[in-house]
Structure formats: C-alpha cells, structure tokens
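Following: one structure in structure tokens, then a few remarks.
The values are calculated or read from the model by the stated rules, or taken from the named source; none is laboratory data. As the structure is a prediction and not an experimental result, all values here were calculated from the model. Cβ sites come from the backbone with ideal geometry, for glycine too, and all protein chains shown count toward neighbours.
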Amino acid sequence: MASIILVNLGSTRKQARDVSAISSMSSIRAAAEVFFSINNTYVGADVAAGDVDRLLEAVNTQLGAKPVFNEDQYNWEVHAVLSSSGGMSYCVDSTGFAGKMLTTAVPVSGDLTCL
C-alpha cells in the first residue's frame, strides 16, 4: 500500500511541476510584449537579467530543462517538454497560441509559431 502511495506522489509532483512551468511560460507572453513595446523587436528578449530570461530560468527549475525560445523582430515562440505527460510539450507563441502538443511536432530553430 505504501508503494502505491509513493508512486502516486511522484506522479502528482510531476504534474505540479508541469502546471507551474505552464504558468511561467504563459507569463512569457506579457514579458515579451513589454520588451517589444520598449525595443520594437523581440530579438534579445531572452537575454540575461530580462523578465523573459527570468521566466525561462523558472521553467528550467520547474522542469529540469531550459525551454527553447526562438524569436525574430516581430514574432517569437517558446516550447518545453513536460515532465508528466509522456511525449508532450507545451508551446506559447506571439500569435496567441498556448497549448500542449506532441514533442515530435514542436517548432525547430527558425520556426516562430507553435502550429
């Protein structure tokens, strides 16, 4: 019985880390928009000491791997592999999309939208 409870606790912890990471990734949208309003570009939004970088580091702490952030002057996307949903990633982009997707379908370097 105790082993069943421990297994469930491990799964619950992974789910909690995913929820926390998803919240941080959703907050990246607002931070990126503030960066854009000041700089008229998304390029450099993920550099050290900025709000986007702090949120990327939070996701890194929550999931154990830094998410991928791709940007150009007018678009950006960020995605990370979730811990509890085997084969799923979470993606957020400048078009307003935010959601889970198969890890095999996530954007590659140079793609600036999740879909």
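Before moving on, here are some points about what is shown:
- Lone unmet requirement of (1) surrounded by 13 or more Cβ atoms within 10 Å (Cβ to Cβ); (2) within 13 Å of the chain's Cα centre (by Cα) for residue 75: (2)
- A search for C-beta distances below 6 Å between a residue of the stretch 16-34 that is in contact (Cβ under 8 Å) with a residue 12 or more places away in the chain and any residue that is part of a helix (DSSP H, G or I) and hydroxyl-bearing (Ser, Thr, Tyr), counting only pairs 6+ apart in sequence or on different chains, returns nothing.
- Test for residue 91: is it within 12 Å of the chain's Cα centre (by Cα) and at pLDDT below 95: no
- Note on the stretch 9-48: residues that are surrounded by fewer than 16 Cβ atoms within 10 Å (Cβ to Cβ) and within 16 Å of the chain's Cα centre (by Cα) total 10.
Rundown of residues vs (1) part of a strand (DSSP E or B); (2) closer than 20 Å to residue 11 by Cβ; (3) touching a residue at least 60 places away in the same chain (Cβ under 8 Å); (4) not polar (S, T, N, Q), yes/no style:
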site: 44; (1), (2), (3), (4): no, no, no, yes
site: 48; (1), (2), (3), (4): no, no, no, yes
site: 54; (1), (2), (3), (4): no, no, no, yes
site: 60; (1), (2), (3), (4): no, no, no, no
site: 74; (1), (2), (3), (4): no, no, no, yes
site: 83; (1), (2), (3), (4): no, yes, yes, no
site: 95; (1), (2), (3), (4): no, no, no, no
site: 99; (1), (2), (3), (4): yes, no, no, yes
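- Test: residue 110 is in a strand (DSSP E or B), exposed (fewer than 14 other Cβ atoms within 10 Å of the Cβ) and touching a strand residue (DSSP E or B) at 6+ places or on another chain (Cβ under 8 Å): no
- Scanning the stretch 78-109 for residues that are of a type in the set (Phe, Trp, Tyr) and under 15 Å from residue 18 (Cα atoms) yields a single hit, 90.
- Among residues that are over 14 Å from the mean Cα position of the chain (by Cα) and charged (D, E, K, R), residue 51 is not included.
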